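Since the structure comes first, as structure tokens, the remarks are kept for the end.
The values are calculated or read from the model by the stated rules, or taken from the named source; none is laboratory data. On a predicted model such as this, the values are computed, not experimentally measured, just so you know. In this analysis, Cβ positions are derived from the backbone assuming ideal geometry, glycine residues included, and neighbour counts consider all displayed protein chains. When the accessible area is computed, the model is the full protein with side chains, heavy atoms only, and any ligands, DNA or RNA have been set aside. Shrake-Rupley method; radii C 1.70, N 1.55, O 1.52, S 1.80 Å.
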Amino acid sequence: MFRFGVPRLLLITVLPLAAQMDLPLMPWPAKIVRGIGHFAVDTKLTVSATGAGADDPRVRSATIRFLARLAKQTKIEVPQQIAANPAIFSIVVDGATSGVQKYGDDESYRLIVTPQNVRLTAAEPLGALRGLETFLQLSVNSSVPAVDITDHPRFGWRGLSLDVSRHFLSVAAVKRAIDGLAAVKMNVFHWHLSDDQGFRIESKKFPLLHRRGSEGLYYTQAQVRDVIAYARDRGVRVVPEFDIPGHATSWFVGYPHLASGKGPYRVLKKTGVFAATMDPTRETTYTFLDGFIGEMAALFPDAYFHIGGDEVAPKGEWSRSLAIKAFMRKNKYTSLNTLQAYFNRRVMAIVTKHGKRMEGWDEILYPDLPKNIVIQSWQGQKSLADAAREGYSGILSAGYYLDLMEPAGKHYVVDPLKGETANLTPEQQKLVMGGEAAMWEELATEENIDAKLWPRTAAIAERLWSPAEVNEVAAMYRRLAPVSTWLETQGMQHRTQLAFMLKRLAGSHPVAPLADFASILEPVKGYVRHESQPYKSLGGTMLMNRLVDSIPPESDVARDFNAAVDRFLATHSTADDQLVRRQLTASRDNVPRLLPILTSEKLLLEHLKVAADVLDLCKAGLEALDAFRDGTKMSANRPVYLERIAELANGRADVLIQIAPGVLKLIEAAPH
């Protein structure tokens, strides 16, 4: 047993960072020292919780959940109760905290694992919760390596903005997302509850908001309180967003007098930026908002209240309203931006009156607004830096938009304190509070939402928690694979959701050929798909049952293939030649097995051309490999191959064949 510091039995070595990063940890800790040996999880494990903060309900419930999760993932029947001290696994929380979880609460911890014992110490309860997640990640195989971890977050605000307006998510799906956030040490669930396509929360003061603005799909206040308590139990804050003055059509269905135009209004069933906006010139608008914000402020305990404020395009109906133009002339407002600043000041006074700190997207920033607002930047580090130079706090979301279907590596290299923000003074950099991933749901439903969130959110979580120098993309991917598997054991459904969807698409056919085909595909990137197949809502949901909906945003197979191509072109190694050749051969030979499925299933007919493209790509790639091996020139078909690959850049049937970049490199470099 041991009480303080590192026990003598722990023989420690400090390894270079790259050499250490073989453990399945994400986020990577601030400091880790590897020891000798392992701690074995077995049926004799006992866990105690002591210290001033040990009676905190979060610590005690997290410990009970920890034991259940540990038993589930290791398949070992560990005792399911907190034991008396001394115990084999001791949790010591130095200080207690009370009340609402806050930005800036201490999340630091130290985890010491020896072959005999485990000791987790934390200054405050949140640190204990974070340390338990680290131990769970390490204990997948019931054998935990000896380590001494000292850990704390780089940024205090690490969140996920989740849109439930475009497509409603059940309470179970919301709670599952919160479980995932807690597992990777994120601490903010930003709940985007209203937009043009739906108003998703019960209002007792203004019941027509949800009765007419939600198509029957909304959260009761009892459900909201349950979600908030659930999140707090896991160390996650819940920040609500009600988007105003634009993105507000769903408000006007029940209360058209709030709008700048004449209507009539209905819940929108398409995506875009729409003209409908609140009237900033009427006192009745602010009276209504005072009542509504007061009601919601009482429901949501967090100190922050998000008002949206983005994309009032181009300031909505304001530019067409004679009454608004007259108001602007009377008050000497020379631009619509000035008018929105007036609206924001009025709303801020209401938010402040109800004890909250106002948060909004880039567009709410105006130089004469008080400095205690928080800017959430979807426009990038320059916008964030400009705000900080003016004295405003901010968080970064640009670069973390999950709905763009970008790979984890692209999100991973985005840093709140790189680019323009790197040029801020140290005091100005302190105003950068952290960041949030953002998942807009025009093209996601409850059936595949987990696949849109995970595992990429884990990579963003690492960027916001871990030291800035932990930034090697290849190392991140080596750890992301086992962490993705671990997240499934914690209840995330990102793999099982897509596996079910593929099986359904295959119908009565074996799913393997379709799965192999899908494994080298990715959805088109950005908002291209919004143009090729516009979003249409039906009762708050829509069918997302095509192949593009049934594949992850990133193909692991294609990434590995393209990396092998790069290594082959650099070294011409036999091993990489065989790896590349094996993948091309497998994908080529899969096409004949795939065609009966594509031709007989209506939803897959659009992929017949994609399958033909795969066949041609594989033939071209194999020809290029043969040219390298045999020292011969490629055939006269080389220009045709290059032209075909160029055609694939924009995708077909809303998918990209992601082995194409590697094949292109082979053809360009091959003898010709």
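Dipole magnitude for the range 319-394: about 440 debye, using +1 per Lys or Arg Cβ and -1 per Asp or Glu Cβ, origin at the Cα centre.
Classification of the chain by its C-alpha gyration tensor yields an oblate form. The axis ratio a/c (a ≥ b ≥ c) is 1.5 or more, and b/c is at least a/b. In the range 577-621, which residues have a backbone nitrogen under 19 Å from the label point lying 7 Å from Asp560's Cα in the Cα-to-Cβ direction? Output list for this probe position: 577-591, 618. Restriction of the trypsin sites (Lys or Arg not before Pro) in the range 140-226 to DSSP coil positions whose beta-carbon has at most 12 other beta-carbons within 10 angstrom yields Lys204, Lys205.
Would you please calculate the Kirkwood hydrodynamic radius of the range 155-269 over all C-alpha pairs and express it in Å, rounded to one decimal?
On the way: mean 1/r = 0.0683 Å⁻¹.
One decimal place: 14.6 Å for the Kirkwood radius.
Quick one: grab the alpha carbon gyration tensor of the range 25-117, order the square roots of its eigenvalues as a ≥ b ≥ c, and give me rounded if a/c is under 1.5, else prolate or oblate depending on whether a/b is larger than b/c.
Values: a/c = 1.72, a/b = 1.26, b/c = 1.36.
Here the range 25-117 falls in the oblate category.
Using a 1.4 Å probe on the protein heavy atoms, what percent of the accessible area of the chain belongs to carbon and sulfur? In the chain, the share of accessible area belonging to carbon and sulfur is 57 percent.
With a length cut of 20 Å (Cα positions projected on each helix's long axis) and a Kyte-Doolittle mean of at least -0.5, go through the chain and give me the DSSP H helices that pass.
Values: long enough: 57-74 (25 Å, -0.26); 125-138 (21 Å, 0.64); 283-299 (24 Å, 0.50); 336-353 (26 Å, 0.15); 473-489 (24 Å, 0.28); 556-571 (22 Å, 0.08); 574-600 (40 Å, -0.39); 608-630 (33 Å, 0.50).
The answer, listed by residue number, is 57-74, 125-138, 283-299, 336-353, 473-489, 556-571, 574-600, 608-630.
Pop the C-beta distance of Thr485 and Ala570 into the FRET formula with R0 = 41 Å and round what comes out to the nearest 0.05.
Numbers: r = 30 Å, r/R0 = 0.73.
Efficiency computed from Cβ-Cβ geometry: 0.85.
Starting from the range 631-672, pick out the trypsin sites (Lys or Arg not before Pro) whose DSSP state is loop and whose Cβ has at most 15 other Cβ atoms within 10 Å.
Numbers: sites: Lys633, Arg644, Arg652, Lys665; in loops: Lys633.
For trypsin sites (Lys or Arg not before Pro) across the range 631-672 that sit outside H, G, I, E and B with at most 15 neighbouring Cβ atoms in 10 Å, the list reads Lys633.
Checking every one of the trypsin sites (Lys or Arg not before Pro) in the range 51-139 against DSSP loop status and a limit of 16 other Cβ atoms within 10 Å picks out Lys75, Lys102. Ligands, DNA and RNA are left out, and with a 1.4 angstrom probe the accessible area of the range 123-230 is 24 Å² per residue.
First check a/c for the range 21-64, with a ≥ b ≥ c the square roots of the eigenvalues of its C-alpha gyration tensor; if it is under 1.5, answer rounded, and if not, answer prolate when a/b is larger than b/c or oblate otherwise. List each step's numbers first, then the result.
On the way: a/c = 2.34, a/b = 1.48, b/c = 1.58.
It is oblate, given that a/c is not under 1.5 and a/b is not larger than b/c.
Tell me the net charge near Glu283. Cut-off is 15 Å between Cβ atoms, Glu283 excluded, with +1 for each Lys or Arg and -1 for each Asp or Glu. So the environment of Glu283 carries a net charge of +2. Couplings 3J(HN,Hα) of the range 365-371, computed from phi: 5, 8, x, 9, 6, x, 6 Hz, in residue order, whole Hz [Karplus 6.51 cos²θ - 1.76 cosθ + 1.60, θ = phi - 60°; x for Gly and Pro]. For Thr352 and Ala298, what does the FRET efficiency come to when R0 = 22 Å and r is the distance between their Cβ atoms, rounded to the nearest 0.05? Calculated transfer efficiency: 0.90.
Estimated from helical segments only, the mean residue ellipticity of the chain at 222 nm is -13000 deg cm²/dmol, where each DSSP H run of four or more residues counts as -39500 (n - 2.57). Taking the centroid of alpha carbons for each part, the range 64-123 and the range 256-306 are 44 Å apart. Taking every protein chain into account, the accessible area of the range 604-668 amounts to 44 square angstrom per residue (probe 1.4 Å). Between Arg593 and Arg329, the FRET efficiency estimated from the beta carbon spacing at R0 = 51 angstrom works out to 0.10. Pairs exceeding a 31 Å alpha-carbon distance, out of Lys270/Lys602; Lys205/Lys315; Lys185/Lys205; Lys175/Lys602; Lys44/Lys185: Lys185/Lys205; Lys175/Lys602.
Close amide-amide hydrogen proximity is noted between Gln376 and Gly360, Trp361, Asp362, Ile395, each under 5 Å apart and 5 or more residues distant or on a separate chain (H modeled in the peptide plane; Pro and chain starts excluded). Taking amide hydrogens as placed 1.01 Å from N in the peptide plane, the amide H of His190 sits under 5 Å from those of Leu160, Ser161, Leu162, Val239, each at least 5 positions away in sequence or on another chain.
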